[in-house]
Amino acid sequence: DLKDFNLKNLIRDIKVVPESKKADSLLEEFKKDKSHMALVMDEYGTISGLVTIEDILEELVGEIEDEHDSDDEDLIQVSENEYIANATLELSEFEQKFNKNFNGMDAETLAGLFINKLGFLPKVGDKIELDNMILAVTAADKRKIKKIGITIKTNT
């Protein structure tokens, strides 16, 4: 019965580790504690991220595909000047594909670049302009960007 449901009964403590924690040491802790994730804290005590056992294993052996991972390509060309990208596309891959350089941007993914430029979490239809490109959010939910449309402007 939903009236008797208490979220408090499901909550478990989560490990908090410093950013300086070595991956091999954290992997050993995960095994010992039978846990699979930890919050990562910076030197100021601010949470800077979340790390999972899968993240560590993928650093060691490469990408691990599972039933939750999408088989979609990260970047699909839909016409001569238009692309659709997964928002999780690595910024380095985006830079390489389009011969761009966004050094100084505090972002690792295309979504991070978009959020960095706007200063807030965009919704579907929000756009930014980068050099000769227009990027537009084409799919998103309340928590994250999912897909970004890329249009290359031509000099016509």
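For SER35, the conditions (1) assigned to a loop (DSSP other than H, G, I, E, B); (2) polar (S, T, N, Q); (3) assigned by TED's automatic domain parsing to the domain that holds ALA136 are fulfilled apart from (3).
Looking at segment 133-156, which of its residues are modelled with pLDDT of 90 or more and of a type in the set (S, T, N, Q)? The answer is THR138, THR151.
Do the conditions hold for LEU60, that is, is it out of contact with any strand residue (DSSP E or B) (no Cβ under 8 Å at 6 or more places or on another chain) and either at pLDDT below 85 or hydrophobic (A, V, I, L, M, F, W, C) (or both)?
On the way: out of contact with any strand residue (DSSP E or B) (no Cβ under 8 Å at 6 or more places or on another chain): yes; either at pLDDT below 85 or hydrophobic (A, V, I, L, M, F, W, C) (or both): yes.
So LEU60 passes the test.
For every residue, the table says whether it meets (1) closer than 30 Å to ALA136 by Cα; (2) more than 21 Å from the chain's Cα centre (by Cα).
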{"site": "ILE11", "(1), (2)": "no, yes"}
{"site": "VAL40", "(1), (2)": "no, no"}
{"site": "GLY49", "(1), (2)": "yes, no"}
{"site": "GLU73", "(1), (2)": "yes, no"}
{"site": "THR88", "(1), (2)": "yes, no"}
{"site": "GLY104", "(1), (2)": "yes, no"}
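The values are calculated or read from the model by the stated rules, or taken from the named source; none is laboratory data. Keep in mind the model is a prediction, meaning the values are calculated, not measured. Every residue, glycine as well, gets a Cβ built from its backbone with ideal geometry; the counts of neighbours run over all protein chains shown.
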